[in-house]
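Each reported figure results from applying straightforward, stated rules to the coordinates on display, with no laboratory input. Predicted, not measured: the structure shown is a model, and the values here were computed from it. Backbone-built Cβ (ideal geometry, glycine too); neighbour counts: all protein chains shown.
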Amino acid sequence: MGLVFFAFQSLYLLLPALLANMAPPLFKKMRFLDYPVDFGAKWKGKPLFGSHKTYRGLFFGIIAAIITSYVQSVLFSSSGWLRQASLIDYSAHNFVILGVLLGFGALFGDIVKSFFKRRVNVKPGRPWIPFDQLDFVVGALLFLAFVYVPSWKVVLFLLVVVPILHILTNHIGFYLGINKSKW
């Protein structure tokens with residue numbers, strides 16, 4: 001039971017970032033804020049980030065993280081079990097700040113990875129293992145550190161387990177027709 005509880009705590013901490021990372025493809029058919037973050041800029045003849053990193057994705061990813069943080073804060077205040085399971089004291093932190101830090105951090109990590117992915121000529125949507133699976137975790141944890149620093153055990157667990165879950169959810173998204181790639 002101890003390992004399962006620890007796994008739940010760790011993943012629950014990162015849940016806003018996980019959902020922020022998954023949200024952009026769900027809204028890809030919307031035209032709202034459908035502008036590349038890099039506005040089509042190039043560096044050394046290659047796209048800075050690529051046309052698939054949009055303000056729409058940033059917007060909906062951060063909104064997903066804020067909503068998730070809000071739900072977590074409500075559950076924290078109404079559930080004794082979740083209060084004990086939560087690594088963050090949601091009553092001491094503003095859910096909007098937590099959502100923005102985790103959501104933006106996850107998406108910022110993905111954007112930074114895209115910069116390097118373009119430099120080594122990996123096409124958008126093509127797998128770049130393990131960086132595609134770690135980028136948002138590292139970004140979210142770095143930005144979360146402004147208000148909360150998890151233990152090294154939590155960080156290590158997330159860096160090992162989330163990539164496996166990421167590949168699994170991408171496969172599910174592919175078979176449901178949400179993702180163009182299994183990776």
Could you give the angle, 0 to 90 degrees to the nearest 10, between helix 131-144's Cα long axis and the longest principal axis of the Cα atoms of the chain? 50 degrees
Between Val161 and Phe115, how high is the FRET efficiency from 1/(1 + (r/R0)^6) when r is the Cβ-Cβ distance and R₀ = 22 Å? Nearest 0.05. 0.30
Output ordering of 165-173, 93-101, 17-25 (per-residue mean of other Cβ within 10 Å, highest first) is 17-25, 93-101, 165-173
The answer for Thr54, listing residues at least 5 apart or on another chain whose modeled amide H is closer than 5 Å to its amide H, is Val37
Gain on full stretching of the segment that runs from Val71 to Tyr35 - 0.36 nm per residue minus C-alpha separation: 10.0 nm
Taking the range 2-175, the lysine pairs whose C-alpha atoms sit under 14 Å apart (8 or more places apart or on different chains) add up to 11
Measure nothing fancy, just the Cα-based angle from helix 2-26's long axis to the longest principal axis of the chain, in degrees from 0 to 90, nearest 10. 40 degrees
Protection proxy ranking, peptides 117-123, 134-140, average beta carbon neighbours within 10 Å, highest first: 134-140, 117-123
So if I restrict to the alpha-carbon atoms in the chain, what is the Rg, and what is Dmax, the biggest pairwise distance, in Å? 16.6, 55
Leu48's amide H: which non-local residues (gap 5+, or another chain) put their own amide H closer than 5 Å, with H modeled 1.01 Å from N in plane and none for Pro or chain starts? Ala41, Lys42, Trp43
What is the packing order of peptides 107-114, 27-34, taking the mean over residues of other C-beta atoms within 10 Å and listing the highest first? 107-114, 27-34
Mind listing the phi-derived Karplus ³J(HN,Hα) values for the range 33-48, rounded to whole Hz, using 6.51, -1.76 and 1.60 with θ = phi - 60°, and x for any glycine or proline? 6, 7, 10, x, 4, 8, 6, x, 5, 10, 9, 6, x, 10, x, 4
Between Val149 and Leu11, with labels modelled 7 Å along Cα→Cβ, what's the label distance in nm to one decimal, could you check? 2.8 nm
So what is the calculated 222 nm ellipticity per residue for the chain, using -39500 (n - 2.57) for each DSSP H run with n of 4 or more, over all residues, to the nearest 500 deg cm²/dmol? -22000 deg cm²/dmol
For the range 67-75, take each phi angle, set θ = phi - 60°, evaluate the Karplus expression 6.51 cos²θ - 1.76 cosθ + 1.60, and give the result in whole Hz per residue in order, putting x for glycine and proline. 4, 5, 5, 4, 4, 4, 5, 5, 5
Between Asn179 and residues 5 or more places away or on another chain, which pairs have amide H atoms under 5 Å apart, with H built 1.01 Å from N, and which residues are they? Phe174
